[in-house]
1. Only one residue in ASN74, ASN93 is open to solvent by 40 Å² or more (accessible area, probe 1.4 Å) and either touching a helix residue (DSSP H, G or I) at 6+ places or on another chain (Cβ under 6 Å) or on the phi > 0 side of the Ramachandran plot (or both), so which one is that?
2. Could you please find all residues in the stretch 42-66 being over 15 Å from VAL92 (Cα atoms) and outside any strand (DSSP E or B)?
3. Among (1) in contact with a Phe, Trp or Tyr (Cβ under 7 Å, 6 or more places away or on another chain); (2) part of a loop (DSSP other than H, G, I, E, B); (3) within 15 Å of LYS29 (Cα to Cα), which single condition is ASP108 missing?
4. Assess whether VAL66 counts as being crowded, with 17+ Cβ neighbours inside 10 Å and either touching a Phe, Trp or Tyr at 6+ places or on another chain (Cβ under 6 Å) or over 25 Å from ALA120 (Cα atoms) (or both).
5. For LYS115, state whether it is more than 16 Å from VAL16 (Cα to Cα), open to solvent by 50 Å² or more (accessible area, probe 1.4 Å), in contact with a strand residue (DSSP E or B) (Cβ under 9 Å, 6 or more places away or on another chain) and not hydroxyl-bearing (Ser, Thr, Tyr).
6. List the number of the failed condition for TYR24; all other conditions in (1) open to solvent by 70 Å² or more (accessible area, probe 1.4 Å); (2) among the aromatic types (Phe, Trp, Tyr); (3) in contact with a helix residue (DSSP H, G or I) (Cβ under 6 Å, 6 or more places away or on another chain) hold.
7. Consider VAL15 carefully, then state whether it is more than 16 Å from LYS115 (Cα to Cα), open to solvent by 60 Å² or more (accessible area, probe 1.4 Å) and of a type in the set (A, V, I, L, M, F, W, C).
8. Taking the stated definitions as given, is TYR31 touching a helix residue (DSSP H, G or I) at 6+ places or on another chain (Cβ under 6 Å), of a type outside the set (Asp, Glu) and not in a loop (DSSP other than H, G, I, E, B)?
Amino acid sequence: MAQESVGTVQTQVKVVRPYRSTGYGGFTKSYVLTPDGKIIKPVASERSRTGNHGEDEWLLGTGRYVVIDVNRPNIKNVPKPYSVAIQCVEVVNGELKTIVSRTMYVMDWSLEDVKAWARAICP
């Protein structure tokens, strides 16, 4: 008599975001957090030979997450704000669905700000 094994298969979604930090003021970095503000480290990061460009990759299982993209253009010696795109997303059945999305502009930010934004957007 053969035995049957039944298990649950958790599907994951791959999230890939660009990275950029140039000597001309250009900056692009993304963070993935839990709704309570805990940072999730990327499973893979690739950088160019100089380290100025690349991308980060996360594998997200079923649940809610906050994805924050911080971006600033390449213009040196001119005050310019960071564009911050914040999304509360949910992974269900292997699909990434956006629940809430906001964009704001700030002159400066910190990692503590990123954590606070995550706690504020995702119920």
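The values are calculated or read from the model by the stated rules, or taken from the named source; none is laboratory data. Here the structure is a predicted model, which means the values were calculated and not measured. Glycine also receives a Cβ, built like all others from the backbone with ideal geometry; neighbour counts cover every protein chain displayed. Note: accessible area is taken over every heavy atom of the protein model, side chains too, but ligands, DNA and RNA are not part of it. Shrake-Rupley method; radii C 1.70, N 1.55, O 1.52, S 1.80 Å.
1. Matching residue, one of ASN74, ASN93: ASN93.
2. PRO42, VAL43, SER48, ARG49, THR50, GLY51, ASN52, listed by residue number.
3. (1)
4. When the stated conditions are applied, VAL66 does not pass them.
5. The answer is yes for LYS115.
6. (3)
7. Criteria not met by VAL15.
8. Working: touching a helix residue (DSSP H, G or I) at 6+ places or on another chain (Cβ under 6 Å): yes; of a type outside the set (Asp, Glu): yes; not in a loop (DSSP other than H, G, I, E, B): yes.
Considered against the rule, which asks whether it is touching a helix residue (DSSP H, G or I) at 6+ places or on another chain (Cβ under 6 Å), of a type outside the set (Asp, Glu) and not in a loop (DSSP other than H, G, I, E, B), TYR31 comes out as yes.
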